[in-house]
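K.L.:
One structure, as structure tokens, below. Some questions next.
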Amino acid sequence: MSASSKRAALYTGLIDRYRDRLPVSDSTPVISLCEGDTPLIRLNNIPRELDIDAEIYVKYEGLNPTASFKDRGMTMAVSKAAEEGSRAIVCASTGNTSAAAAAYAARAGMTAFVLIPEGKIAMGKLAQAIAHGAVVLQIKGNFDDGMRLVKEVAGEAPVSIVNSINPYRLQGQKTAAFEIVEALGRAPDYHCIPVGNAGNISGYWIGFSEAVGQTTASCTLYEGAENCPYLLEAMTDKRPVMVGYQADGAAPFLRNEPVTSPETLATAIRIGNPQSWDLAHAAVNESGGWFDEVSDEELLATQAMLARREGVFCEPASAVSLCGTLRDLQSGKIPAGSLITCTLTGHGLKDPDIAIRGREAVETVQAELGAVKDAILRNI
Ligand code: AN7
């Protein structure tokens, strides 16, 4: 095999992979970090230990280049911004969007301006935004304040918004649903997902719908979604029930109205006024699904269980999907025997403080064989 034909087999990111299902043309400059193509991992130990009869897979989006699902939307948003001649992008963020925006802006040679809530973003995400050279504006307010300011400032300064109100973001994010359908050879019975600003659940619903050759109210990119030019032949014949889970201190979909002071340790989803409100409702209603909430204590317990029992380390907000799924399986709301996929939106290393909080898991011993051997025998 020649070097060039070997290179042709390289995975080069989701725009190249799904080019015929995305609003790009040959003249779109593709700004990619080889995002997408993430593993779908079957849970082996947790269902057995909890005596749950279901096939549960986690879509481990923490293995994207900036360690969250945001890269899927960001490759599209930044490529389209580049196509339109933008030199700067802006977003409000609870952390992961800012990390992705910073990295893709670096790749594109643009400036990223990121508005983050003061003191409320996880350390790993702040480190990423700084490392990639974003202009970080810490605001004395929460994500919802930042979102309002971003919408206002975009009318006053030459910057492209790359939050998920940018419809290209959802186009990129829909590709996760394609990957799930391809990996399973069908759609799952249930797809369970954490909900914050509600872009991702909307993106998945577009993806699952297009995979059966249908459009949805969630697709707002074209006037008359039924005329979506990117509908190709069906990949499968049915769509999953969509279930959106939130943290109970930041659960506007459960309250059915915005929450003015959202609070949760899962800072990624500390959002009270979701921008994709109608689209997320469309996803849940069209699929016959529901929203539910879990407490911080429950979501942290699920995060720890997943790390300890399955070897999969996700951030607190991500654990919300599996947390709610396990509870709904145990209550019978999700029937036994179901095939379920849960999105794990971000990597556990994003938020190391939470992972080691309250744990006395580190023992200091002398640098001697006897001491190490004793410690092993004591813990085995
Ligand atoms: C790990 O980074 O909104 O419902 O500004 O980081 O699509 O908002 C993050 C959201 C779930 C919720 N899990 O997704 C941001 C931001 C993680 C996240 C969500 C986020 P959406």
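K.L.:
Probe 1.4 Å, all protein chains in place: accessible area of ILE180 in Å², nearest 10?
P.N.:
It works out to around 0 Å².
K.L.:
How much solvent-accessible surface does SER160 expose, in Å² to the nearest 10, with a 1.4 Å probe and all protein chains in place?
P.N.:
20 Å²
K.L.:
Post the alpha-carbon centroid distance, region 73-128 to region 182-221, in whole angstrom.
P.N.:
Cα centroid to Cα centroid, the span is 24 Å.
K.L.:
Return the single residue from GLY213, GLY311, GLY62 with maximal mean-square fluctuation; model: Gaussian network over the chain, springs between Cα atoms under 10 Å.
P.N.:
Comparing GLY213, GLY311, GLY62 in the GNM, the peak value goes to GLY311.
K.L.:
Suppose all protein chains stay in the model; what accessible area per residue would a 1.4 Å probe give for the chain, in Å²? Walk me through the numbers before you get to the answer.
P.N.:
On the way: 16060 Å² over 380 residues.
Ligands and nucleic acids excluded, the result is 42 Å² per residue.
K.L.:
While we're on this one: Got a sec? What order do GLU363, GLU310 fall in by accessible area at 1.4 Å, biggest, i.e. largest, first?
P.N.:
On the way: GLU363 95, GLU310 40 Å².
Heavy-atom accessible area, descending, gives GLU363, GLU310.
K.L.:
Next question, about the same structure. Residue farthest toward the positive end of the dipole of region 188-282, with Cβ of Lys/Arg at +1 and Asp/Glu at -1: which of ALA280, ALA217, GLY196?
P.N.:
With unit charges placed on the Cβ atoms, the residue in question is GLY196.
K.L.:
At 1.4 Å probe size, put HIS347, HIS132 in order of accessible surface, largest to smallest. Each step should come with its number before you reach the end.
P.N.:
Values: HIS347 35, HIS132 80 Å².
Per-residue accessible area, sorted high to low, gives HIS132, HIS347.
K.L.:
When only the heavy atoms of the protein chains count and the probe is 1.4 Å, how do LYS333, LYS350 rank by accessible area, highest first?
P.N.:
The ranking, largest first, comes out as LYS333, LYS350.
K.L.:
Continuing with this model, one more query. Which value at 222 nm does the chain reach when only helices count, each DSSP H run of 4 or more adding -39,500 (n - 2.57), with the total divided by all residues and rounded to the nearest 500 deg cm²/dmol? Each step should come with its number before you reach the end.
P.N.:
Working: 16 runs with 149 residues, N = 380.
Computed mean residue ellipticity for the chain: -11000 deg cm²/dmol.
K.L.:
Another one. Tally up the carbon and sulfur contribution to the accessible surface of the chain as a whole percent, 1.4 Å probe, everything protein left in place. Intermediate values should be presented prior to the final figure.
P.N.:
On the way: 8020 of 16060 Å².
Ligands and nucleic acids excluded, carbon and sulfur give 50 percent.
K.L.:
Using +1 on the beta carbon of Lys and Arg, -1 on that of Asp and Glu, and nothing else charged, what's the dipole of the chain about the Cα centre, debye to 20? Mind showing how you got there, number by number?
P.N.:
On the way: 34 positive and 45 negative charges, 160 e Å.
Roughly 760 debye for the chain.
K.L.:
Would you work out which of ALA176, SER93, SER27 lies farthest towards the positive end of the dipole of the chain? Charges go on Cβ: Lys and Arg +1, Asp and Glu -1.
P.N.:
Sorting the options by dipole projection puts first SER27.
K.L.:
So how far, in whole Å, is the C-alpha centre of region 300-333 from the one of region 239-273?
P.N.:
With region 300-333 and region 239-273 each reduced to a Cα centre, they are spaced 17 Å.
K.L.:
Along the charge dipole of the chain, Cβ charges K/R +1 and D/E -1, which of GLY337, ALA154, ILE376 sits furthest on the positive end?
P.N.:
ILE376
K.L.:
To the nearest 20 debye, what is the magnitude of the charge dipole of region 258-380 about its Cα centre, counting +1 on the Cβ of each Lys and Arg and -1 on the Cβ of each Asp and Glu? Present the calculation step by step, with values, prior to reporting the outcome.
P.N.:
Values: 10 positive and 17 negative charges, 66 e Å.
That gives region 258-380 a dipole magnitude of about 320 debye.
The values are calculated or read from the model by the stated rules, or taken from the named source; none is laboratory data. A quick note: this is a predicted structure, and the numbers were derived from the prediction, not measured. Positions of Cβ are generated from backbone atoms using ideal geometry, with glycine treated the same way; all protein chains shown enter the neighbour counts. Keep in mind that these areas ignore ligands, DNA and RNA; they rest on the heavy atoms of the full protein, side chains included. Shrake-Rupley method; radii C 1.70, N 1.55, O 1.52, S 1.80 Å.
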